[in-house]
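Structure record follows, encoded as structure tokens.
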Amino acid sequence: MPYLALENIRKAYGPAVAVDRLDLGVEKGEFISLLGPSGCGKTTTLQMIAGFVEPTQGAIALDGIDLSRLAPEKRGLGIVFQSYALFPHMTVAANVAFGLEMRRVGKAEIRQRVEQALAMVGLADKGGRYPRQMSGGQQQRVALARALVIRPAILLLDEPLSNLDAKQREEMQLELRQIQRQSGTTTVLVTHDQQEALALSDRIVVMNQGRVEQIGSPFDVYERPGSAFVATFLGRTNTFSAEPTPRGLAVAGHVMMPGERPATISIRPEKVDFTTDGDGLPGRVLTRVFQGNHWLLHVETPGGLCLVIRPNDGRPLPGEGETVVLAFRARDASLSLAGSTP
Amino acid sequence: MNAQARQGWLLVAPATLLFVGIVATPLAMTLLLSFNGWSSTQGIVPTLTVQNYAEILSDSFFAEIFLRTLRIALWVTLICVLIGAPEAYILRRMREPWRSSFILVVIGPLLVSVVARTLGWALLLGGNGLIPLALHRLGLTSSPVSLMFTETGVVIALVHVLVPFMVLSVWASLARMDPATERAAQSLGASQITIFLRIVLPQAMPGILSGGIIVFSLAASAFATPAIIGGRRLKVASTLAYDEFLNTLNWPLGAAIAVLLLVGIVAIVVGWNRFIERRYSQVFAS
Amino acid sequence: MRNGPLALVFHAAFVVFLLAPMVLVCLVAFTPEGFLSIPTTRFSLRWFERIAQYPDFIAAFRTSLFVATAASLIAVLFAVPAALAIARYRFTGREALNAFFMAPLMIPHLVLGIAFLRFYSLLGISGTMAGLIIGHVVVVFPFAMRMVLAAATGMDKRIEDAATALGADRITTYRRIVIPLIIPGMASGFALAFIQSFDEVTMTVFIASATTTTLPVRMFTYIQDSIDPLICAVSALLILFTVLAMLVIDRFYGLQRLFIGEDKS
Ligand SMILES: Nc1ncnc2c1ncn2[C@@H]1O[C@H](COP(=O)(O)OP(=O)(O)OP(=O)(O)O)[C@@H](O)[C@H]1O
Ligand SMILES: [Mg+2]
């Protein structure tokens, strides 16, 4: 039995179904991300774990104990809200101490644990400040310290980094991961940022329209997407419809890989390469954009537009307007048979 | 002066002139009037004297009335805080469509003439009114005692007139509050009472304090309600000034009372504002 | 989060407290008796009919409507340029002026009444309609100003720059861009000003004469003499009128918006 178990959860707001048939097991110490487009039910799922939203159907158990009759204040979970929800009228230290006071922890121990928690998030000397006097990233850390100091059974994070700028976000991602590993707290993160999910999680739950599309390690969901939705949602993907020929599957008459049934080929842009030995899909470079550590090329082919990503490793690349031939390895592509549901 | 400033001044000029002409001037003249003498035969005597102020400040009759005015205003403010702040919080937690409908119920009375509302209280508080009868039935009084012409009556009616201002003011500061802070406190183990006392109330405090200023200054200078409920028997500063003007016709004395009332209110309001700013500038954005 | 039962009981008591006096006035207005009483057997309109015999109530109502309309219009007309200047031009004295315009809110109406009484008697215009209207302009100006100012401040100055960049001259920019954008503010400023003026008693008691008495003042002086079902009937009509006005405002503008401002949550 997993540490946190969600069984056949459904949440409906009137006729609108926010979450449906959700099964999820989280192991102790695991870092799990709920990833999906806006409105797919991530926050609703998190709120049901937290106890702020009651499931229409299904059961949630923590360490074998049914949570459904337990009020949010009795669940002992740590939550970091998207808006941080710091208490503006309390100092940073008082914010962090609040949960311990509620637990009637002794004064001396509170002081010590607050200090520890603030040190852990790198704010050891900021305890006397008010939230308003801190930057977004610092407020974020306070919220994290406040949630962690009560030694929660589970840490719930709802898009905790979405209010930070790109650089801060990257820093906090690293730090969040470190702090989580260090404290060993079981963590559920809600995000719509795939980069964040890939970077942080042990496992990713990809959600779409209230349903789970796929659960797996970051590498798995990226490299072996279980559905067309996952493939297109996680990273970018080129899709070609292919017809069988005696020599294999062909896109617009050009044989690309083995196969004998009509199918849709999905291939990641970074797995597409330029070839000089003739066999492949001919095309013309429409645009070539420099992106720092890589190049992004749009190539027009008879099978449709194809996105190509090449590392900025000093090798020469075709320029805009040049004709090229595209190829990829069969094992990098995934096939879905035409007629079957994607 | 640059072009922007010139245009700006040009645009505000009409309103400024209007205000200087019809607000500043009359007020200055009233101040002057309060230093004029008066005699029952000659009326206003255009001399400069502090005799009116001396009379007010030395006579215990006036002292009692000013003290009563202050006492009533403080009670009204306190009660408005005690019932207005929770009501605002309850409204905030309501769901639609209840919330909008009850906001109408709370704001609505603000639009109804103070005279009509006070009339209602005169009916309720009078000897045959519902409240004295109810108090009697409940055994709290041995016979129905009219609350007309009593401080209690004036306080009750003024609370009714002014409490919507408190609700609105607290509502405004609750609207600035992040509702997730309540959930955060709950997830950290706080009970509903603790959440209200330690999370909501402190965040509503700026609204309570500024609502308190509004209610206090309006209660201290209220006229129609104390005039109807308090009548001639229970005078407050404003009804006293009114009597001096329209009955005794001692305008300079009436003007001095009004000036003292104004100065008192302004002093308290400014002091109060300072306190709020000092207390909260660190914590909340203005 | 839900309100607990205790909260709902409190809320019910609060609502009863707010509504009780007004409901009572309306009930007493329908009494068939000749004295103050709550109708127990039947409702009678006799006291409403009696109002017709008191033309001064009707005249006072007319005066109130006229004064409130005139004063609110004048206040809005003065408020528009002032609000535009304060919202959109930077010049020294801007903050101070704004505070100055809001000052009548802080000055008790009693003091204003006394000041105008003295001022008008020196000018020799005591008891005139013009004097009354001027007094009301002062009282309602901050309300008009606040609403117009909110509209003018909320307006993005770059919209105007965009219009200028597209080739509109100053007059056109004002006529086609600025004024249309602050018209809602003007309308709500007028509404708020009208309500304030219509309800004003304290200042008006000092400066109204027998011929320029407003309805609240007439009611006030009547109540000082006696409280009877007749005055309850007048009040009931006034309450009815107010409720209708309130529903109209709420329907077309939103009462909440008028008194609280836009709700961001
Ligand atoms: N209180 C509610 N009443 C009605 N519908 C709701 C409520 N809360 C959420 N929903 C609906 O449920 C669905 C899922 O919402 P949820 O907030 O869980 O999405 P999300 O995945 O967190 O999206 P986002 O990334 O935008 O935060 C949405 O379609 C939303 O409109
Ligand atoms: Mg969400």
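The values are calculated or read from the model by the stated rules, or taken from the named source; none is laboratory data. If you're wondering where the values come from, they're calculated on a predicted model, not measured in any experiment. Note that each Cβ is placed from the backbone with ideal geometry, even for glycine, and that neighbours are counted across all protein chains shown.
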(request) Only residues in the stretch B:95-114 that are modelled with pLDDT of 90 or more count as the first member; pair them with residues that are surrounded by fewer than 18 Cβ atoms within 10 Å (Cβ to Cβ), Cβ under 6 angstrom, at least 6 apart or cross-chain, and list the lot. (result) B:Val105/C:Val15
(message) Could you tell me how many of the residues in the stretch A:321-333 are crowded, with 19+ Cβ neighbours inside 10 Å and of a type in the set (Ser, Thr, Tyr)?
(response) 0
(message) under 21 Å from B:Ile228 (Cβ atoms), of a type in the set (S, T, N, Q) and modelled with pLDDT of 95 or more: which single residue out of C:Ser226, C:Ser235 fits that description?
(response) C:Ser235
(request) Quick one: count up the residues across the stretch C:140-192 that are assigned to a helix (DSSP H, G or I) and more than 30 Å from C:Ser64 (Cβ to Cβ). (result) 22
(message) When the residues of the stretch A:145-174 are narrowed to those that are part of a loop (DSSP other than H, G, I, E, B) and at pLDDT 85 or above, which ends up nearest to ligand 2 (Cβ to nearest atom)?
(response) A:Glu159
(request) Consider A:Lys74 carefully, then state whether it is under 18 Å from A:Ala153 (Cα atoms), away from ligand 2 (no atom under 16 Å from the Cβ) and surrounded by fewer than 19 Cβ atoms within 10 Å (Cβ to Cβ). (result) yes
(message) Can you list the helices (runs of 4 or more DSSP H) lying wholly within the stretch B:187-286 that have 2 or more residues being away from chain C (no Cβ under 11 Å) and farther than 30 Å from B:Gly129 by Cβ?
(response) B:201-221, B:251-280
(request) Spot the failing condition for C:Ile159; the list is (1) over 15 Å from the mean Cα position of the chain (by Cα); (2) crowded, with 18+ Cβ neighbours inside 10 Å, and only one is missed. (result) (2)
(request) Scan the stretch B:156-184 for residues that are of a type in the set (Gly, Ala, Ser) and either under 27 Å from B:Ser100 (Cβ atoms) or at pLDDT below 90 (or both) and jot them down. (result) B:Ser169, B:Ala172, B:Ser173, B:Ala175, B:Ala180
(message) Condition (residue is in contact (Cβ under 8 Å) with a residue 24 or more places away in the chain, under 27 Å from C:Ala83 (Cβ atoms), in a helix (DSSP H, G or I) and more than 10 Å from chain B (Cβ to nearest Cβ)) applied to the stretch C:210-220: is it met by at least one residue?
(response) no
(request) Mind listing just one residue for me: the one in the stretch A:103-118 that is among the hydrophobic types (A, V, I, L, M, F, W, C) and surrounded by fewer than 19 Cβ atoms within 10 Å (Cβ to Cβ) and, of those, farthest from the other protein chains (Cβ to nearest Cβ)? (result) A:Ala108
(message) What's the total number of residues in the stretch B:122-155 that are within 12 Å of chain C (Cβ to nearest Cβ), in a loop (DSSP other than H, G, I, E, B) and at pLDDT 85 or above?
(response) 2
(request) Determine which single condition C:Ser197 fails, assuming it passes every other condition in (1) touching a His at 6+ places or on another chain (Cβ under 8 Å); (2) within 11 Å of another protein chain (Cβ to nearest Cβ). (result) (2)
(request) Kindly provide the set of residues from the stretch A:35-52 that are over 22 Å from the mean Cα position of the chain (by Cα), within 13 Å of ligand 2 (Cβ to nearest atom) and of a type outside the set (Phe, Trp, Tyr), ordered by number. (result) none
(request) Filter the stretch C:104-113 for residues that are facing another protein chain (nearest Cβ under 7 Å) and under 15 Å from C:Ala144 (Cβ atoms) and give the result. (result) C:Pro104
(request) Tell me which residues, restricted to the stretch A:23-62, are part of a helix (DSSP H, G or I) and within 11 Å of ligand 1 (Cβ to nearest atom). (result) A:Lys42, A:Thr43, A:Thr44, A:Thr45, A:Leu46, A:Gln47, A:Met48
(message) Looking at the stretch B:107-121 only, could you name the residues that are small (Gly, Ala, Ser) and either in a helix (DSSP H, G or I) or out of contact with any helix residue (DSSP H, G or I) (no Cβ under 9 Å at 6 or more places or on another chain) (or both)?
(response) B:Gly108, B:Ala116, B:Gly120
(message) Out of the residues in the stretch A:1-15 meeting the condition of being surrounded by fewer than 16 Cβ atoms within 10 Å (Cβ to Cβ) and among the small types (Gly, Ala, Ser), tell me which one is nearest to ligand 1 (Cβ to nearest atom).
(response) A:Gly14
(message) So in the stretch A:73-87, with the set limited to residues that are outside any strand (DSSP E or B) and more than 16 Å from ligand 1 (Cβ to nearest atom), which one is farthest from A:Asn8 (Cα to Cα)?
(response) A:Phe87
(request) For the stretch C:91-107, indicate whether the set of residues that are touching a Gly at 6+ places or on another chain (Cβ under 6 Å) and over 30 Å from B:Gln4 (Cβ atoms) is non-empty. (result) no
(request) Mind listing whichever residues of the stretch C:89-103 are in a helix (DSSP H, G or I) and at the interface with another protein chain (Cβ under 8 Å from one of its Cβ atoms)? (result) C:Arg94, C:Leu97, C:Phe100, C:Phe101, C:Ala103
(message) Looking only at residues that are surrounded by fewer than 21 Cβ atoms within 10 Å (Cβ to Cβ) and acidic (Asp, Glu) in the stretch A:152-169, which one is farthest from ligand 1 (Cβ to nearest atom)?
(response) A:Asp165
